[in-house]
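Presented below is the structure to which this report refers.
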Amino acid sequence: MSSVNGVAVTDPVGAVRELLRQRGVALGLIGADAAGNALEDGIEALLDREVRTPEPTEDECLRFYAQHQADFFAGELVFARHILFGVTPGVPIGPLRGKAEQTLVELSRHPERFAERARELSNCPSGQHGGNLGQLSRSECAPEFEKAVFGSMATGMLPRLVTTRYGFHIVAVDKRVAGQVVPFEAAREKIAARLAEQVGCKALEQYVAALAGKADVQGVNLNAAATPLVR
């Protein structure tokens, strides 16, 4: 049985949440019987008190800007198609991914079948239009999709599946329209937020590791927990 200090848990994320709950109770921030919104608010209060996230400096923001110029374009557009293998409750992930990968292999050999397979298989309304998404800008895409589609200047079908919160995508980029680099002054707020998020995730991981080191954790690998999701 998996447990944290004798309290049963079902998975790594549950174990992390239990560590945080117990710490909050010990500090008087969370009631022993707290549940639902009261528990969520208590965990937030605990993290606000004990996990410090320093603001990124101007030099750190400038360095990030210089190293990631490709991320700061305005007016950049792509014309793309996709086939979505949607993740929905009750759908087994392994077979779904397998079907998506099998279809990607087929379309790599026979790209002319893309529209047909989109109509047959896609869980997106665009499937009825051959998977056509039309004109896309960065702000219109999920972060994972944006990274895959705007992360290079290549056109054609992407060689690997794109995984997002919605499922697995087979993506073809038909055309690109180049944009212009956004000045640092206009990008600074976005850069600072991104750096703060990265530092915050790392600080949270270290905090959870410190709590785990002082706790009796049985039968669960906390390294497998997506700790940023806890917050």
Does Glu112 satisfy the criteria of being touching a residue at least 12 places away in the same chain (Cβ under 8 Å) and of a type in the set (D, E, K, R)? no
Going through (1) closer than 26 Å to Arg176 by Cβ; (2) over 24 Å from the mean Cα position of the chain (by Cα) one by one, Ala100 fails only at (2)
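Only one residue in Ala15, Ala34 is in contact with a Leu (Cβ under 9 Å, 6 or more places away or on another chain) and surrounded by 14 or more Cβ atoms within 10 Å (Cβ to Cβ). Which one? Don't jump to the end; show me each part of the working.
Values: Ala34 fails: in contact with a Leu (Cβ under 9 Å, 6 or more places away or on another chain).
Going through Ala15, Ala34 in turn, the sole match is Ala15.
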Within region 173-198, residues part of a helix (DSSP H, G or I), of a type in the set (Gly, Ala, Ser) and open to solvent by 30 Å² or more (accessible area, probe 1.4 Å) come out as Ala186, Ala193
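The values are calculated or read from the model by the stated rules, or taken from the named source; none is laboratory data. Treat the numbers as computed from the prediction; the structure is a model and nothing was measured. Neighbour counts run over all protein chains shown; Cβ positions are idealised from the backbone, glycine included. Surface accessibility is based on the protein's heavy atoms, side chains included, excluding ligands, DNA and RNA. Shrake-Rupley method; radii C 1.70, N 1.55, O 1.52, S 1.80 Å.
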